[in-house]
Amino acid sequence: RMMKKISGLNRSGIVRLKKDSIYKGAYKKSVSSNDQILPVTEASASSDRETNNHSLNMRLYYENIREQKEEYKHFYRDEQELEHDLKKIDFHDEQFLEKIKHLIHTYNHTILSLSKFDKSFNTHFSDQIILLLQGYAELLFSIGIKLLVDGELLIYSGIIEDAVNTRRKDFYFLIGHDNSLFFKLYQLLQHVKIPAESTETADLEDYIG
């Protein structure tokens, strides 16, 4: 009888151990599973990434607006200087050559700032200027001015000086009347404006947060 009782106790003890082992194993597995999910940590990381991306996008947006404003200011300043130089030239002026050279120099600044303006606002005003100049390329070259690919004008000092001294009337196509090349250039430059969509975007600047 005693042997049977001991034997029964051992069996019941084994059963309890197995139950305990199974329970503890299941508990550990459950904790491990919860550790791997980490819902709060993942959500926080995602939120941080979205905040950082938003801040970066907003910084780029404002930098682009400032850059566009600066490009327009540069172009407008150069365009005003070109108008001033054009009004100062007179065919009978003793400083005619120097003023023509200065006019070309100012024009080159203007076309370069206009090209930057086009790039910033995705416009094509400088292409219109170059297209107009291409129609006058031979006449320009005959008085010592060469049209370059980017729209700039290169002066050959010796040729232009000779042209001014011996055949100044050949400059008549360039300046001095309403159908002259530089008057047409000035008219095209007068039509350069910031695109309406860019203005609307700038107006919304204070409302984006």
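The values are calculated or read from the model by the stated rules, or taken from the named source; none is laboratory data. Just so it is clear, the model here is predicted, and its values are computed rather than measured. Heads up, the Cβs are rebuilt from the backbone with ideal geometry, glycines too, and the neighbour counts pull from every protein chain shown. In case anyone asks, the SASA skips ligands and DNA or RNA and just uses the protein heavy atoms, side chains included. Shrake-Rupley method; radii C 1.70, N 1.55, O 1.52, S 1.80 Å.
What the table shows:
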| item | result |
| --- | --- |
| Pairs from LYS73/LYS101; LYS73/LYS169; LYS87/LYS169; LYS69/LYS101; LYS88/LYS146 whose Cα-Cα separation, in the structure shown, is over 26 Å | LYS73/LYS169; LYS69/LYS101 |
| Computed log₁₀ I(q)/I(0) - Debye formula, equal Cα scatterers, no solvent, the range 69-209, q 0.08, 0.22 Å⁻¹ | -0.25, -1.42 |
| The range 109-203, dipole about Cα centre (Lys/Arg Cβ +1, Asp/Glu Cβ -1), debye to the nearest 20 | 320 debye |
| Residue among LEU132, THR106, VAL149 farthest towards the positive dipole end of the range 76-154, charges placed on Cβ | VAL149 |
| Percent carbon-and-sulfur accessible area, the range 134-199, ignoring ligands, DNA and RNA, probe 1.4 Å | 56 percent |
| Highest-first arrangement of 175-187, 116-128, where packing means the average Cβ count within 10 Å | 116-128, 175-187 |
